[in-house]
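Comments concern the structure below.
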Amino acid sequence: MPQELVAADHITKSFGGVQALRDVSVTLHQGEIRCLVGENGSGKSTLIQIIAGALRPDSGTIAIGGKQFPHLEPIQAIHEGIQVIYQDFSLFPNLTVAENLALNTELERGVQLVSWRRVRRIAVEAMARLGRDIDLGQTVRELSVADKQLVAIAKALLQNAKVLILDEPTTALTHREVRTLFEVIPELKQRGLAILFVGHKLQEILEISDTITVLRNGQKVAESDASQFTPGDLVRHMTGRSLPDRPSERACEQWHQHPADDSSAGRGPPTRNYALGTPSRCHRADAVFKVTDLTDRDAFDSISLEVSSGEIVGITGLLGSGRTELARSLFGLEPADSGRIEISGQVIRMRSVQDAIRVGIAYVPEDRLTEGVFAEQSIERNLAISALPSFAGRAGWIRPASLRRAAGQSMTELRIQAPSARMPVANLSGGNQQKVVLGRWLATQAKILILNGPTVGIDVGAKSEVHEKIRELARQGMAVLLISDDLPELVELCRRILLMHRGRIVKELAGADCNEDTLAAELGRLE
Amino acid sequence: MRRLLQRQEFWLALLLLVLGTGIGLANPAFWSLANLFDLCQSSTVMGLFALGVLVVLISGGIDVSFAAIGAFSMYVTSKVLLTLDLGDSATTAFLLAGAVGLSLGLFNGLFIALFRLPTLIVTLGSASLFRGFLLAFVGTTIVNNLPEGMIRFSKLTLWERALPDGTAVGLPFSFLLFVVAALLVGFVLRRTMLGRGIYAMGGNLVAAARAGFRIRRQQLFIYGLVGVLSGVAGLAHACMMRNANPFDLVGLELNVIAAVVLGGASITGGRGTVLGTVLGVLLIVTINNSLILLDIPSYWQKVVTGLVILASTGITAHTSGQRLRGVGLC
């Protein structure tokens with residue numbers, strides 16, 4: 001039996017009357033990869049912080065390496081080898097990789113003077129321990145998210161970590177970067193580290209973990225070997241309810257129901273040949289969004305695509321494939337150099353965001369906190385911001401009453417969970433924030449919706465609600481372009497998926513080919 | 001090589017060289033010893049202020065009270081030396097000015113570290129407070145009869161050379177203050193954990209606290225240091241002008257901050273070097289000084305300074321690929 005490194009026993013914690021954790025016990029053994037799953041607010045992060053000594057439990061005990069700690073302090077946890085890699089990595093973007101790696105060690109030694117030779121030596125050693133190679137002289141700002149994460153892990157190893165806690169490590173990674181991380185984690189396990197992996201994406205969790213602990217509303221609701229769980233089980237445990245079993249089936253039906261002028265619409269998606277640019281007959285009439293030979297010198301080349309009213313078309317590709325740049329240029333953020341954009345047959349001059357909004361394009365960006373919402377502003381203001389003129393009276397003043405009424409209405413419609421419409425968006429969970437972003441565009445009555453990673457970092461329950469909303473928008477006749485890394489999401493929502501690689505659309509999958517295996521295989525081939 | 005091209009210092013040095021060559025061709029007087037010494041003297045006061053501002057900017061803060069601290073320190077020091085019998089050596093004067101500056105700087109630091117107030121707000125407030133206090137309680141008249149020690153100091157040179165026409169030119173001693181301060185600040189920033197902590201807090205404040213840097217103590221150090229440097233700069237200014245004017249050093253704030261930013265320091269924190277700051281100061285001073293040599297009206301100084309700042313920071317921002325992605329600013 002491997003050594004027990006962490007034992008959190010009957011932990012209870014409440015914050016001002018809210019029970020965050022109720023009688024939760026978790027253990028971690030040497031060489032174990034345990035995954036902690038649960039929706040936002042299920043108590044995952046509270047539990048992590050208690051194990052790291054950052055929070056003190058109301059009752060229950062923490063033992064590390066067999067030693068009991070009645071009042072675990074962060075510094076004690078570190079000394080006992082517990083390292084947490086937070087989602088923000090706690091790195092210094094302005095300093096070099098080498099200095100980032102060495103700073104903690106230097107601080108611990110209590111030296112007053114910096115020896116750059118020693119910094120270098122420490123950094124080289126850290127990279128050797130990780131078995132990866134990153135340019136030590138680069139500033140961290142210049143690194144990709146994945147490399148930043150590796151630096152953070154290397155830093156933790158340097159502190160003689162025995163237990164590595166990763167807080168949602170794959171959220172910001174692309175498909176390929178996740179693969180790299182999933183090579184590193186088992187190596188660490190081989191070396192006898194215990195790993196506590198906090199995750200959202202079910203496939204990844206099932207793939208990487210040995211054991212899984214599911215939390216819901218602060219209680220442990222399931223715990224077992226990973227092999228004992230199916231994705232459906234996990235969802236059921238996490239949400240306490242069963243989500244539709246075969247969502248993709250449902251998506252198809254809905255898609256079929258959309259008003260089509262041709263009976264063949266019911267027989268699977270139309271197939272198109274982009275090289276020839278000839279859309280199939282059945283949908284030509286309601287093809288609302290058409291892009292021809294769109295080119296941007298730095299990002300993408302000769303992109304042609306078409307999205308019909310009521311259709312959800314997926315775009316995926318590796319990082320750097322140009323998909324985000326494409327989305328941004330379609331929304332007028334960085335207008336393309338050449339090419340044509342048509343909406344309902346009319347050529348659009350896309351020079352700015354204002355142009356895009358005027359012709360009815362809505363965009364939900366990748367990073368909703370910095371690009372999507374006004375985090376410190378209230379929910380109602382956020383909902384209204386893109387449609388302000390419609391709340392104005394004759395003189396141009398905003399009428400607060402009508403704004404409030406509309407906001408209340410869309411909050412109910414979108415099932416945004418918040419005590420008040422005046423609450424700042426920053427206080428909402430990721431899922432609810434995303435609903436606000438969606439809701440804002442609903443208010444503008446857009447015809448075309450471009451989504452970029454709409455459910456990144458959102459928990460399973462809210463994710464299915466966001467998906468439902470997207471489907472509903474399509475049903476109402478919106479043309480939806482969905483850019484995503486999340487293969488299950490693409491397969492569930494889209495009947496057509498375009499693969500981008502190095503700025504070009506290299507493949508279109510449609511109908512029966514729209515399944516995860518084919519998609520993963522195609523993506524794999526690109527690498 | 002790529003990294004060299006991305007360094008602001010490289011472009012500044014190049015620009016300084018080109019400028020020097022150009023002006024020298026137009027008016028050979030530029031390369032005369034007298035003019036070069038003059039440039040050094042003009043750089044001293046601005047440079048001392050700039051070193052303090054550099055440290056604040058790296059830490060992610062900003063200080064707009066340094067000019068007020070400088071004026072306060074020099075005027076109070078001159079008054080005190082004239083009233084009390086403390087001897088009249090220049091050393092005493094500088095120590096006293098440094099001490100006055102230190103206490104005013106720590107006053108800022110206390111508000112910032114203990115009450116966690118935004119640095120711009122605190123220093124805007126204290127700048128006004130210091131100036132108001134100075135004029136209301138210390139005096140409003142210009143002191144023209146500076147203490148003997150300060151006068152002697154102003155005539156002191158590091159190195160002198162007789163010119164053929166019988167006059168002598170010398171490198172003023174106060175320039176040494178700038179050099180020593182630059183070396184010291186450079187050492188602290190580059191080679192001490194305190195210095196790296198200042199970079200760290202400018203890069204990621206939360207992570208710096210998590211890593212175990214003592215943020216409050218560092219803030220006290222930073223604003224204290226600005227105070228000391230400003231006090232010394234103020235007194236050096238008074239010596240150079242041969243008078244202590246309580247209305248002096250107004251409007252210097254933006255020029256100094258501009259010189260530091262020109263030198264590659266990031267206004268949002270985490271970046272900046274002493275070398276860059278020194279080059280930035282030299283460049284601004286050279287431009288101001290040389291336009292006169294070229295018979296260009298002094299109003300143009302401001303225009304040219306502004307253009308240089310825009311162009312040079314623009315080049316660096318562009319080459320380091322930090323092009324602001326167009327976020328609906330169109």
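Read-outs: derived from the displayed coordinates by stated rules, not from any lab. The shown structure was predicted, so the numbers you read here are calculated from the model rather than taken from an experiment. Neighbour counts are summed over all protein chains in view; Cβ atoms, including those assigned to glycine, are modelled from backbone coordinates with ideal geometry.
Points worth noting:
- In this structure, the amide hydrogen of A:ALA336, modeled 1.01 Å from its nitrogen in the peptide plane, lies closer than 5 angstrom to no residue at least 5 positions away or on a different chain.
- In Hz, Karplus ³J(HN,Hα) per residue of region A:378-394 (6.51, -1.76, 1.60; θ = phi - 60°; x = Gly, Pro): 6, 4, 5, 5, 4, 5, 8, 4, 7, 10, 3, x, 6, 9, 8, x, 5
- Using a Förster distance of 60 Å, the FRET efficiency for A:ASP301-A:SER390 (Cβ separation, nearest 0.05): 0.95
- Each of B:PHE187, A:PHE197 has some number of other Cβ atoms within 10 Å of its Cβ, and from fewest to most they run B:PHE187, A:PHE197.
- In nm, spacing of pseudo-spin labels at A:VAL221 and B:LEU17 (7 Å Cα→C-beta vector): 6.9
- Length gained on full extension, B:TRP300 to B:LEU129: 58.3 nm, using 0.36 nm per residue less the C-alpha separation.
- Rg and Dmax of chain B, Cα atoms only, in Å: 20.3, 65
- Count Lys and Arg as plus one, Asp and Glu as minus one, and take only other residues whose Cβ is under 11 Å from that of A:SER484; the net charge is then -4.
- Kyte-Doolittle mean at least 1.6 and Cα axial length at least 18 Å: DSSP H helices in chain B: B:8-26, B:33-58, B:90-114, B:174-191, B:274-293
- Rg and Dmax of the protein assembly as shown, based on Cα coordinates, read 32.2, 106 Å.
- Helix axis angle, A:400-414 relative to chain A longest principal axis, alpha carbon, degrees: 70
- Residues A:LYS148, B:LYS79, A:LYS155 in ascending order of nearby Cβ atoms (within 10 Å, fewest first): B:LYS79, A:LYS148, A:LYS155.
- B:ALA162 versus A:ALA520: modelled label distance in nm, points set 7 Å from Cα along the beta carbon direction: 9.1
- Sites A:PHE374 and A:GLN354 - FRET efficiency at Förster radius 25 Å, r taken between beta-carbons, to 0.05: 0.90
- Rounded to 10°, Cα long-axis angle of helix A:116-130 versus longest principal axis of chain A: 70
- With 29 Å as the limit, the listed pairs A:LYS67/A:LYS189; A:LYS201/A:LYS507; A:LYS13/A:LYS201; A:LYS67/A:LYS201 have A:LYS67/A:LYS201 beyond it between alpha carbons.
- 19 Å reach of a label modelled at A:ARG504, 7 Å along Cα-to-Cβ, counting backbone N of region A:331-349: A:337-340
- Over region A:4-239, all Cα pairs binned in 5 Å intervals from 0 give whole-percent P(r) values of 1, 7, 14, 18, 19, 16, 12, 8, 4, 1, 0, 0, listed from short to long.
- Cross-link table A:LYS155/A:LYS463; A:LYS447/A:LYS469; A:LYS290/A:LYS463, entries beyond 26 Å C-alpha to C-alpha: A:LYS155/A:LYS463; A:LYS290/A:LYS463
- Computed extension length for B:ALA136-B:THR192: 16.0 nm, one decimal, from 0.36 nm per residue of separation with the Cα-Cα distance subtracted.
- Ordered by the count of other Cβ atoms within 10 Å of each Cβ, fewest first, A:TRP116, A:TRP441 give A:TRP116, A:TRP441.
- Region A:68-87 versus region A:386-435: alpha-carbon centroid distance in Å: 42
- Rough spin-label spacing in nm, given labels placed 7 Å along Cα→Cβ, for A:ARG179 and A:SER344: 4.4
- Nearest 10 degrees, 0 to 90: helix A:430-443 Cα axis against chain A principal axis: 20
- DSSP-defined beta bridges in the protein assembly as shown - what % are antiparallel, rounded to 5: 60
- Rounded to the nearest 5, the antiparallel percentage of DSSP beta bridges internal to region A:4-239 is 55%.
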